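Since every read-out is calculated from the coordinates, none of them should be taken as a lab result. Since this is a predicted model, take the numbers as computed values, not measurements. Neighbour counts run over all protein chains shown; Cβ positions are idealised from the backbone, glycine included.
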Amino acid sequence: MTSKVYHVKSSLFHCGVFHWGDERFGDDWPGSIPAQLVAHTLFYFTNPGDLVFDPMAGGCVVSDVCLVFERKCKSFDLATRDNRPEVRYHHWDPQEGHWPATRKPDLIFFDPPYYAKKEKEYKGMASEKTPSISSYPKGKYEEFFKSFFLLAHQNVKNTTRIAFLNADWRDFQSTPALKENPNNSITIFDYHRMLSQTGWEATHRIECPLSSERMTGNQVQKMQERRILGTVGRTLIIARRS
Ligand SMILES: C[S@@+](CC[C@H](N)C(=O)[O-])C[C@H]1O[C@@H](n2cnc3c(N)ncnc32)[C@H](O)[C@@H]1O
């Protein structure tokens, strides 16, 4: 391994909070994730030469980190572009049930839209016939995951892991905590339930907190005054076939 690659690798491992915005990895993309988070996942759950499958690749942080860690990567998204020839067009449609690869992966790194978060941004990249799942109403969004997890289960090896990243969605934006309607929310507990129902067993839960400094003191104070309880984190669930 060249010393440059060693330096890049070790720079991805220096603390417990995953830093956002490492410009060496991935493109500027709505909802892109920290390279350190991908690096940790690859380090603990894959080996050099393994195949990683990224069904919703977005800004390609996963494929870039795979390159440094010498893992192979297959990337798909409904949004493709010339500067990222590694991303193959695929629209995941729960009705079609098509898995766009023959070689079975060792790890699926699945970072889908977090319900309606960034709905506008992803809508701009999609079309009416091939919508982003962030445009789905809650029931259809949940159905999507059940079908996806089932389809994945049918198309992987016995040893394949899935690393599934998501965040709690609650209607807290303008609602005091006591008045939130839980029927409008989708939380990590729901994703965990859907994984279990479709043949996956969670083995690890990795918390990925965002720095609270992302919110100004002013914002936090205003929310506190109205007893609005925000959320500053995502959770990575690692699961294996049960
Ligand atoms: C959270 S982003 C992925 C970000 C990526 N991990 C990164 O670091 O840049 C989710 C991606 O899912 C894609 N997407 C949403 N619905 C889709 C669908 N039905 N089929 C294929 N891609 C979809 C969006 O285009 C978006 O790029």
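Please rank C66, C73, fewest neighbouring Cβ atoms within 10 Å first, as an exposure proxy.
Ordered by Cβ neighbours within 10 Å, fewest first: C73, C66.
Out of the DSSP beta bridges found with both residues in the chain, what percent are antiparallel (nearest 5)?
55 percent
Could the peptides 203-209, 106-112 be put in order, highest first, of the mean number of other beta-carbon atoms found within 10 Å of their residues?
Packing proxy ranking, top to bottom: 106-112, 203-209.
So what's the Cα pair-distance distribution over the range 81-172, bin width 10 Å, in %?
For the range 81-172, the binned pair fractions read 14, 44, 35, 7, 0 percent.
I want to check the label-to-label distance for Q219 and Y44. Put each point 7 Å from Cα in the C-beta direction and report it in nm to one decimal.
2.7 nm
In terms of the Cα gyration tensor, with a ≥ b ≥ c the square roots of its eigenvalues, is the range 3-241 rounded because a/c is under 1.5, prolate because a/b exceeds b/c, or oblate? Intermediate values should be presented prior to the final figure.
Details: a/c = 1.56, a/b = 1.21, b/c = 1.29.
Judged from the Cα gyration tensor, the range 3-241 comes out oblate (a/c at least 1.5, b/c at or above a/b).
Can you compute 3J(HN,Hα) from phi for each residue in the range 161-169, using the Karplus curve 6.51 cos²θ - 1.76 cosθ + 1.60 with θ = phi - 60°, rounded to whole Hz and x for Gly and Pro?
10, 10, 10, 10, 10, 7, 9, 5, 10
Once the piece of chain linking T159 and T102 is laid out straight, how much longer is it, given 0.36 nm per residue of separation minus the C-alpha distance between them?
Taking T159 through T102 to full extension adds about 18.9 nm, to one decimal.
May I have the convex hull volume per residue, in Å³, for the Cα set of the range 51-116?
Expressed per residue, the convex hull around the Cα atoms of the range 51-116 is 99 Å³.
Sort S32, S75 so that the residue with the fewest other Cβ atoms within 10 Å of its own Cβ comes first and the one with the most comes last.
By the 10 Å Cβ count, ascending, the order reads S32, S75.
Could you pull out every residue, at least 5 positions away or on a different chain, whose amide H is within less than 5 Å of the one on R234? Hs are placed 1.01 Å off N in the peptide plane, and Pro or chain starts have none.
Close amide H contacts, sequence-distant or interchain: C208, L210.
Under 5 Å between amide hydrogens, which residues at least 5 positions from R71 or on another chain qualify, with H placed 1.01 Å from N in the peptide plane?
Distant-sequence amide H within range of R71: G49.
Order the peptides 48-58, 174-184, 131-141 from the highest to the lowest mean number of other Cβ atoms within 10 Å of their residues. It would help to have the intermediate numbers written out before the result.
Working: 48-58: 20.6, 174-184: 10.8, 131-141: 16.3.
Most protected by this proxy first, the peptides run 48-58, 131-141, 174-184.
Calculate, in nm to one decimal, what T175 and E207 gain on full extension: separation in residues at 0.36 nm each, minus their alpha carbon distance. The partial results should precede the final answer.
Details: separation 32, 0.36 × 32 = 11.52 nm, distance 2.50 nm.
Answer, rounded to one decimal: 9.0 nm.
Regarding the range 154-238, what whole-number volume in Å³ per residue does the convex hull of its Cα atoms give?
Per residue, the Cα convex hull of the range 154-238 comes to 105 Å³.
Which whole-Hz couplings ³J(HN,Hα) result when phi for each residue of the range 81-88 is put into the Karplus expression 6.51 cos²θ - 1.76 cosθ + 1.60, θ = phi - 60°, listed in order with x for Gly and Pro?
In residue order, the calculated couplings are 7, 5, 7, 10, x, 6, 8, 8 Hz.
What are the residues whose amide H is under 5 Å from the amide H of M56, where those residues sit 5 or more places off or on another chain and H is modelled from the backbone?
Counting only residues 5 or more places away or on other chains, the set is F76, D111.
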